[in-house]
Amino acid sequence: MAAEPPANGPDGGYLTPDTQPDGTQYLPPPPRPGTARQHTDDRAFTTTRTLKGTPRWALATSDADLHEDALLHAFSCAAGQSLSTTATPHLAALIHTMDVSEAPDMRKSKAYWHRPRPFVGNGQPICTESDRTHLATSGAYPSGHTMLGWSIALVLAELLPDRATPILQRGRVFGESRIVCGVHWESDVQAGYMVGAAEIAAMHGSPAFRADMERARSELAAHRHDAAGPQDPACAIESDAARHSPL
């Protein structure tokens, strides 16, 4: 059975201009050239280039895919059940509307700082080479992938509290994948975690968000009793990535 539309409509979002957080006001600015913070960013970028060709690099490549089924698959091991648009359509609809809701803050913040990405001006590898030209023209700060991944982790941890620790761990790894990939600085990712947390906090004030959360909660409770846990080689790779942070 297909999921009903989200309570706030598929493209309306959960936030209004009055309730949308403004990252240009609550985030610290990105590091300035020559500072200790920028040196930390430089070191993280340089050291993670050695991961090319490893399972961690492959995970970063997989984590770059923001299609809904890819996102759900990314959190299946941590959730202890196989998530997909077919198996968990209410959850998929919730995540879609979360993404729509968060986008204005992210676009505004990226445009405000328009920070160059770490690979710009050098030939160092990134895990999504086909996106190099496009990414070079978009701001690095904050990381939108990290924002969405951390938002999903926060929501899933609330919906599946007995799985909160592995879910939040996966959310951290999802953000770190952007550093491994070479398309974000470490400080971009740290800011992305902040934006994700801010957006989800604001969404909790929306009755539509809360209603969609309850629908997803019921769906997950039923699904976990009907489906076996994921048997995926990626689970071991994700676990190893969590134990060996690139930071």
If Arg210, Arg172, Arg32 are placed from fewest to most neighbouring beta carbons inside 10 Å, the sequence is Arg32, Arg210, Arg172
0 to 90° range, to nearest 10: angle between helix 164-181 axis and the chain longest Cα axis:
30
Helix 233-243 against the longest principal axis of the chain: what's the angle in degrees, Cα atoms only, rounded to the nearest 10?
60
Give me Lys52, Lys110 ranked fewest to most by other Cβ atoms within 10 Å of their Cβ, as a rough exposure proxy.
Lys52, Lys110
At 0.36 nm per residue, and after removing the present C-alpha to C-alpha distance, how many nm does the segment from Asp18 to Lys52 gain when stretched out fully?
7.9 nm
Working out 0.36 nm times the residue gap between Ala211 and Thr137, then minus their Cα-Cα distance, what length gain in nm do you get to one decimal?
22.8 nm
Mean-square fluctuation maximum in Gaussian network of the chain, Cα pairs under 10 Å, restricted to Gln38, Gln81, Gln169, hits Gln38
For the chain, find the longest principal axis of its Cα atoms and tell me its angle to the long axis of helix 89-113, 0 to 90°, nearest 10.
30
Determine the gain in length on full extension of the stretch Arg243-Leu168; use 0.36 nm per residue of separation and subtract their C-alpha separation, reporting nm with one decimal.
25.7 nm
Go ahead and run the numbers for FRET between Ala221 and Asp65, Cβ-Cβ distance against an R0 of 22 Å, rounding to 0.05.
0.20
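Quick note: the coordinates plus some simple rules give every number you see, no bench work behind them. Values in this document were obtained by computation on a predicted structure and should not be read as measured data. Backbone-built Cβ (ideal geometry, glycine too); neighbour counts: all protein chains shown.
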